[in-house]
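Read through the structure below, which is laid out as structure tokens, and then see the notes.
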Amino acid sequence: MQPEPQFYNIINDELRGSESTHRVTDPRTGDELWPCPVATTQDFEDAVAAAQKAFTTWSQTTVPERQALLLRLTGVLAAHADELASILMKETGKSKIMADIDVQASMGQCMYYAHNALQDEVQHEDEHSRVVATHIPLGTVGAICPWNFPLILSNIKVVSALVTGNCVIVKPSPFTPYAVMKWVELSRGILPPGVFQVLNGGADLGAAMTEHPGIAKISFTGTIATGKRVMAACARTLKKVTLELAGNDACVVCADVDLDRVVPAVASGGFFNAGQVCVASKRIYVHESIYDEFLKRLVREVDGKFGIQEDGYAPSVFGPVDNKVQFDVVKGIVEDCKNKGYDIVLGGKTEGLGKGFWLPPTIVSKPPEDSVLVQEEQFGPVLPILSWSDEDDVIRRSNLANAGLGASVYSSDLAQAERIARRLEAGGVWINQPERPNARAYFSGIKDSGFGGEMGKQGLLSYTYTKCLHFPK
Ligand code: NAD
């Protein structure tokens, strides 16, 4: 029998256990996983002190020096890819394929910033002066993370902070702490002690990070409700803050699409990772003239790809919902659809599905526009399919007051697709493809979906002060 893996808070490059531990529930089986140490207030204070000490020298390193270290961090991910993926599979319920994506994409993020970073820029030059903008680090960054892609969503904050010369303390979600903690543990010895640390804890630790004067910036990914609390708390110490929050992406399907190609793409956009993607397609608007055929094909595409499997190595497309809290949210939305008599054309079962957090892919035809399923983020495997006939009308319905993260549009007429894309109020719009963030491109939500953004070169700006050097001529 394999020995149980051990997990530690990492403070100043040292492994630290705790008297208090918690165990995550395996979403596939309902079994309890390994004990995980909960960081104490003292652990947090020690981590902040270690980071502040490390910052004095780390902040003076050059971009190429830091990029070389990012390459070594990529090497850690590569060398331990299977170990990390197997931990991710247990804590998230992901299949091996999905867990591998979490590790591989994190390596891609490291590689991108290992070769791309902010450069000094001449902002003005005339016969009197030359102005050079340079980008200096902020100090210690607190990275507060969600559970749906534990490594990718922590890693983007970590590599952004590190390449710009900041120290970083990561707080993974208490639903998925293990892989992130193991990764920081495996990375020990590469960066100076105190530069890259991890603490396990819940809302109270997150709140403490937002309030501590020794933390210069919070990068937060999670729900809109928590994001508002984070921003309010950060205001008290004037911390810099980046919020990556919930989306409720509209997907507009035009009349002229090639259904053979577009139906599988929309199914993937809506049900990838069982719908637990911030930019999943969450409301599908299909042109009335092809609605019935589209719906029939979508049901056929998705049907039969669900099966309760306790082993993520089996070739199943759908995994479970990650945790009990989210399971209850999604279940509540499906129950609401049933109670209100909406037309459930696939799935809909919420009971008798094993001990884990299993819910089958559920498709609801034409629920009312003001239903909970359409107006609120479901973040799970239930998808409303709506219809439209007038372009202005579908754009009006797509554009919500309370969300604007991503969107997608499918049309064989690229001019029409672009025209609609430009009018959709979202931080990113994907044309003729499902929404998939690209580490090389800026990613942000508008309206309630976020504040600032990450990824791409532009994403690094929020991890720095831009300082102008004014030279005389
Ligand atoms: P959540 O808001 O419940 O928790 C996120 C993190 O915040 C966790 O680490 C949690 O412990 C911590 N936290 C809780 N209360 C806090 C407080 N008062 N102060 C500081 N930290 C606190 O979100 P979640 O359920 O983990 O994540 C799912 C949500 O994240 C979905 O809405 C999804 O759309 C969104 N999301 C957004 C993006 C994006 O890039 N925009 C990416 C992934 C997920």
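The values are calculated or read from the model by the stated rules, or taken from the named source; none is laboratory data. Source: prediction; values computed, not measured. Note that each Cβ is placed from the backbone with ideal geometry, even for glycine, and that neighbours are counted across all protein chains shown.
Would you confirm whether or not the stretch 302-313 contains a residue that is β-branched (Val, Ile, Thr) and over 30 Å from HIS22 (Cα atoms)? Write out each step before concluding.
Of the stretch 302-313, the ones β-branched (Val, Ile, Thr) are 302, 308.
Applying the additional criterion that residues be over 30 Å from HIS22 (Cα atoms) yields 302.
Checking the stretch 302-313: at least one residue is β-branched (Val, Ile, Thr) and over 30 Å from HIS22 (Cα atoms).
Condition check ((1) modelled with pLDDT of 95 or more; (2) over 22 Å from the mean Cα position of the chain (by Cα); (3) near the ligand (Cβ under 9 Å from one of its atoms)) across all residues:
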| site | (1), (2), (3) |
| --- | --- |
| ALA133 | yes, yes, no |
| ILE136 | yes, yes, no |
| LEU151 | yes, no, no |
| ASN166 | yes, no, no |
| VAL195 | yes, yes, no |
| THR223 | yes, no, yes |
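State all residues of the stretch 230-252 that are without any contact (Cβ under 8 Å) to a residue 60 or more places away in the chain, away from the ligand (no atom under 12 Å from the Cβ) and hydrophobic (A, V, I, L, M, F, W, C); if no residue qualifies, say none.
Once the filter is applied, which keeps residues that are without any contact (Cβ under 8 Å) to a residue 60 or more places away in the chain, away from the ligand (no atom under 12 Å from the Cβ) and hydrophobic (A, V, I, L, M, F, W, C), the stretch 230-252 yields ALA235, LEU238.
Looking at the stretch 330-345 only, could you name the residues that are over 13 Å from ILE363 (Cβ atoms) and surrounded by fewer than 17 Cβ atoms within 10 Å (Cβ to Cβ)?
Passing the criteria: GLY332, GLU335, ASP336, LYS338, ASN339, LYS340, GLY341.
Yes or no, residue by residue, for (1) of a type in the set (Val, Ile, Thr); (2) within 17 Å of PHE196 (Cβ to Cβ):
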residue	(1), (2)
LEU77	no, yes
THR92	yes, no
SER95	no, no
ASP100	no, no
VAL103	yes, no
SER106	no, yes
LEU118	no, no
VAL122	yes, no
ASP126	no, no
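Looking at the stretch 216-258, what strands (runs of 3 or more DSSP E) fall wholly within it and have at least 3 residues that are of a type in the set (A, V, I, L, M, F, W, C)? Let's see the steps before the verdict.
Values: elements: 217-221, 240-244, 249-253.
Once the strands (runs of 3 or more DSSP E) in the stretch 216-258 are filtered for at least 3 residues that are of a type in the set (A, V, I, L, M, F, W, C), what remains is 249-253.
Quick one: in the stretch 206-221, which of the residues that are in contact (Cβ under 8 Å) with a residue 60 or more places away in the chain and more than 7 Å from the ligand (Cβ to nearest atom) is nearest to ALA246 (Cα to Cα)?
Among those residues, the one meeting the criterion is SER219.
For residues in the stretch 176-210 being among the hydrophobic types (A, V, I, L, M, F, W, C) and either more than 24 Å from ASP322 (Cβ to Cβ) or not assigned by TED's automatic domain parsing to the domain that holds ALA51 (or both), which is surrounded by the fewest Cβ atoms within 10 Å (Cβ to Cβ)?
Just the residues of the stretch 176-210 that are among the hydrophobic types (A, V, I, L, M, F, W, C), to begin with: 179-181, 183-184, 186, 190-191, 195-196, 198-199, 203, 205, 207-209.
If we keep only those that are either more than 24 Å from ASP322 (Cβ to Cβ) or not assigned by TED's automatic domain parsing to the domain that holds ALA51 (or both) too, we end up with 190-191, 195-196, 208.
Numbers: ILE190: 16, LEU191: 22, VAL195: 28, PHE196: 26, ALA208: 20.
By that ranking, first place goes to ILE190.
Applying the selection to the stretch 394-425, what residues are within 24 Å of THR223 (Cα to Cα) and surrounded by 14 or more Cβ atoms within 10 Å (Cβ to Cβ)?
Passing the criteria: ARG397, SER398, ASN399, LEU400, ALA403, GLY404, LEU405, GLY406, ALA407, SER408, LEU424, GLU425.
Taking the residues in the stretch 235-270 that are within 30 Å of ILE215 (Cα to Cα) and among the hydroxyl-bearing types (Ser, Thr, Tyr) as candidates, determine which candidate is surrounded by the fewest Cβ atoms within 10 Å (Cβ to Cβ).
Step one: filter the stretch 235-270 for residues within 30 Å of ILE215 (Cα to Cα), giving 235-247.
Applying the additional criterion that residues be among the hydroxyl-bearing types (Ser, Thr, Tyr) yields 237, 242.
Numbers: THR237: 14, THR242: 24.
Filtering the stretch 235-270 for residues that are within 30 Å of ILE215 (Cα to Cα) and among the hydroxyl-bearing types (Ser, Thr, Tyr), the one surrounded by the fewest Cβ atoms within 10 Å (Cβ to Cβ) comes out as THR237.
How many residues, within the stretch 346-368, are surrounded by fewer than 24 Cβ atoms within 10 Å (Cβ to Cβ) and among the hydroxyl-bearing types (Ser, Thr, Tyr)?
Residues flagged as surrounded by fewer than 24 Cβ atoms within 10 Å (Cβ to Cβ) and among the hydroxyl-bearing types (Ser, Thr, Tyr) within the stretch 346-368 amount to 2.
Which numbered condition trips up ASP100, out of (1) part of a loop (DSSP other than H, G, I, E, B); (2) crowded, with 17+ Cβ neighbours inside 10 Å?
(1)
Take the residues in the stretch 434-473 that are part of a loop (DSSP other than H, G, I, E, B) and more than 14 Å from the chain's Cα centre (by Cα), then tell me which one is modelled with the lowest pLDDT. Lay out the reasoning, then the answer.
Taking the stretch 434-473 as the starting set, the residues that turn out to be part of a loop (DSSP other than H, G, I, E, B) are 434-442, 445-446, 452, 455, 462-463, 473.
Of the ones still in play, those that are also more than 14 Å from the chain's Cα centre (by Cα) are 434, 440-441, 446, 452, 462-463, 473.
Values: PRO434: 98, ARG440: 96, ALA441: 97, ILE446: 96, GLY452: 98, SER462: 98, TYR463: 98, LYS473: 91.
Here the answer is LYS473.
Are there strands (runs of 3 or more DSSP E) fully within the stretch 122-187 with at least 3 residues that are touching a Lys or Arg at 6+ places or on another chain (Cβ under 8 Å) and farther than 20 Å from GLY17 by Cα? List them. Spell out the reasoning first.
Values: elements: 129-137, 140-144, 167-171.
Here the list reads 129-137, 140-144.
Which one is surrounded by the fewest Cβ atoms within 10 Å (Cβ to Cβ) among residues in the stretch 56-97 that are in contact with a Leu (Cβ under 8 Å, 6 or more places away or on another chain) and assigned to a loop (DSSP other than H, G, I, E, B)?
Looking at the filtered set, the residue picked out is HIS80.
Each row is one residue, and each column tells you yes or no for (1) touching a helix residue (DSSP H, G or I) at 6+ places or on another chain (Cβ under 9 Å); (2) farther than 25 Å from PRO361 by Cα; (3) within 15 Å of the ligand (Cβ to nearest atom).
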| site | (1), (2), (3) |
| --- | --- |
| GLY380 | yes, no, yes |
| ASN402 | yes, yes, yes |
| ALA407 | yes, no, yes |
| ILE420 | yes, yes, no |
| GLY428 | no, yes, yes |
| ARG440 | yes, yes, no |
| PHE443 | yes, yes, yes |
